[in-house]
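Notes follow once the structure below has been shown.
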Amino acid sequence: MKIRRPSLVILWLLCLSALEARSIDPYKVLGVEKNASQREIQKAFHKLSLQYHPDKNKNKGAQEKFSEINNAYEILSDEEKKKNYDLYGDAKGNPGFDAGNPGGHGGYSYAGNPGGHGGYSYFTNGGPGETHFSFRPGGWQSAGGQGASQGFSYHFGGSGGQSPFNFGFDDIFASMFGGGRFGGFESARSQSGSKGPSKSIRSINSQVFRKEVVNKGMTWLLLFETPTLMNNHLESVVEEVGHSFEGVVKVGRVNCESEPSFCKDLGTYPRKVPRLFVYAYKHGDSGSLVEYKGDLVAKDLRTFCRENLPRFSKRVDLNHLEFSFGDGDSLPGVMLLSSKKDTPTIWRALSGLYHKRFNFYDLQVHDVSDPAIRKLGINALPAIVGSLSNGEKHILKAGISVKDTNTAINELSALLDSFERQNKKSDSSRARKAQTESVNEQIPLLKGANFDDLCGQSSPLCIIGAFRSSRARKELESILSVVSKKSFSRKRSSSSGNRDSISYALLDASKQPAFLNAFDKSGYKSNDKVLVAYKHRKGKFAIYAKELNTEQVEQFISSVLNGDVPFTKTRQPPKLS
């Protein structure tokens with residue numbers, strides 16, 4: 001049976017590649033040294049396979065070169081094959097002999113054409129579905145065809161139709177001409193073979209996904225696959241991209257065979273080829289999975305990841321430099337000043353990690369001599385300015401030097417954590433101050449200047465909380481602020497016009513000793529706090545010196561108003577300095 005001419009050319013190239021594989025130095029093919037690391041070998045393979053891939057390179061000899069590159073990578077990417085080649089010059093570990101699989105299924109062998117006519121044959125050892133092609137000067141023929149006396153034959157076969165390169169006959173054409181998703185994912189399996197999952201890519205299950213991925217602010221590059229679709233070439237590209245974005249993007253793999261319902265619920269289950277997604281925050285506060293459908297090229301995948309980094313930082317300009325960092329809420333603000341035209345990658349990543357803890361801004365600055373920049377006190381770029389919730393601004397760091405993305409993320413995260421603690425401390429201090437001022441507005445401190453207004457002729461009853469320590473003052477402030485709002489404290493007195501019948505005040509007994517001495521010569525010095533009910537019009541008083549709490553004070557005041565508490569004449573009119 002005659003074979004169509006295009007197929008003959010392809011098969012001829014494959015035969016030549018297979019025949020010459022043992023004579024070609026894989027190190028020279030990939031252009032790497034013998035002591036090259038796996039990462040260097042991967043990089044060399046990626047570069048060359050993209051350069052000579054038949055889908056993109058139509059030049060003469062590209063297909064043959066592409067096959068050489070794949071064969072070389074198959075040897076050097078496998079530690080055992082690489083070791084055998086280094087020791088014996090043969091990946092199978094059989095120095096000087098054909099590494100076929102005699103007596104089995106799916107092996108292969110090469111032999112000269114019997115009869116001494118210079119013909120050659122290249123074939124696998126038996127098995128169902130085998131196909132045997134012979135090349136002679138007259139052209140390609142099937143095993144049973146007649147041909148000239150010279151040439152060689154190529155025989156594909158074995159169990160399952162597998163070739164000696166661990167992929168089927170159809171896969172050979174797939175690897176040559178693509179046909180897979182986004183630029184060759186389907187064919188990539190045949191390019192690199194399957195060696196098991198990469199240990200540098202973290203395995204992600206449904207539990208880890210919920211706890212560490214969903215809405216945590218970090219961008220993830222996730223590979224969804226099954227063991228039968230495992231793809232070393234794809235994984236090496238993912239590893240390379242993850243390494244270039246270390247600290248900014250995390251990488252992980254999901255085994256959809258182990259958790260099919262999880263993958264199906266996410267809409268990520270791979271059918272024929274692995275699928276790549278980025279868990280991104282490009283479109284809002286919540287993250288979502290965005291599928292990558294471009295070419296399997298590290299450069300393009302990096303661009304895709306960069307495009308899907310968080311965009312929580314607000315871009316501002318010099319004309320609007322005096323902005324409110326807080327944006328009306330309690331969050332502190334941080335602003336990056338740099339010469340970059342667009343928001344830097346590291347700043348976008350930080351805006352995702354801290355987007356619920358800070359308001360992010362960034363500003364392009366051409367010259368630090370600009371008056372607006374000098375006003376901030378910045379003398380070197382890049383710089384980060386922070387603003388506390390109260391609007392107080394601080395230069396967090398100027399002249400930032402970045403060694404690598406991972407180190408930069410860690411160092412700047414520590415800087416933001418420290419500033420957040422400073423903001424919380426400031427907020428706490430302001431809250432305490434506001435609380436004190438609020439209480440003091442309700443329960444004023446008794447002084448000579450306000451005595452008549454608070455406890456003079458216009459007040460039928462004045463409740464005075466006397467203290468000698470800051471702790472006692474806080475306790476009395478808290479109690480009286482509650483009691484003063486009770487209904488009995490709001491009764492109107494006909495003699496007091498529109499004033500309350502009861503007034504409340506605090507007294508610093510340590511600074512005003514004469515005041516309590518007017519009631520009793522001891523001045524109640526043994527008490528850290530006492531409550532005085534004083535009636536200025538009658539010159540009488542009553543003291544409550546027991547343990548004070550809100551309920552007891554309310555009962556005391558009610559008893560006073562009901563006439564159940566006896567009052568005593570003052571020794572002399574109380575005076576305040």
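Throughout, read-outs are computed from the coordinates displayed, never taken from laboratory work. Quick caveat, the model's predicted, so the values are computed rather than measured. When we count neighbours, we look across all protein chains shown, and the Cβ atoms used for this are built from the backbone with ideal geometry, even at glycine.
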### Message
In whole Å, what are the extents of the stretch 277-418 along the principal axes defined by its C-alpha atoms, from largest to smallest?
### Response
49, 31, 29
### Query
Cα centroids of the stretch 535-569 and the stretch 350-413: how far apart, whole angstrom?
60 Å
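Relative contact order (percent) for the stretch 195-265, with alpha-carbon contacts under 8 angstrom and 6 or more residues of separation?
That works out to 47 percent.
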### Query
According to the square roots a ≥ b ≥ c of the eigenvalues of the Cα gyration tensor, what is the shape class of the stretch 202-274, taking rounded for a/c under 1.5, prolate for a/b larger than b/c otherwise, and oblate for the remainder?
oblate
### Message
If packing is taken as the average count of other Cβ atoms within 10 Å, what order do 402-408, 516-522 fall into, highest mean first?
### Response
516-522, 402-408
### Message
At a 10 angstrom cut-off on C-beta neighbours, averaged per residue, how do the peptides 43-54, 458-469, 385-396 rank from highest to lowest?
### Response
458-469, 43-54, 385-396
## Note on the structure
Distance in nm between residue 411 and residue 540 label points, each 7 Å along Cα→Cβ, equals 7.7 nm
### Query
When ranked by the protection proxy of mean other Cβ atoms within 10 Å per residue, highest first, what sequence do the peptides 347-356, 230-239, 361-370 form?
230-239, 347-356, 361-370
### Task
Determine the gain in length on full extension of the stretch residue 470-residue 80; use 0.36 nm per residue of separation and subtract their C-alpha separation, reporting nm with one decimal.
132.6 nm
### Query
Say each of residue 424 and residue 285 gets a label point 7 Å from the Cα, pointing the same way as Cα to Cβ; how far apart are those two points in nm?
2.0 nm
### Message
Take the residue pairs 211/264; 264/341; 211/340; 47/272 and return only those whose Cα atoms are more than 30 Å apart.
### Response
264/341; 211/340
### Task
Would you mind computing, in nm to one decimal, how far apart the modelled labels at residue 330 and residue 87 are, each placed 7 Å from Cα along Cα→Cβ?
6.8 nm
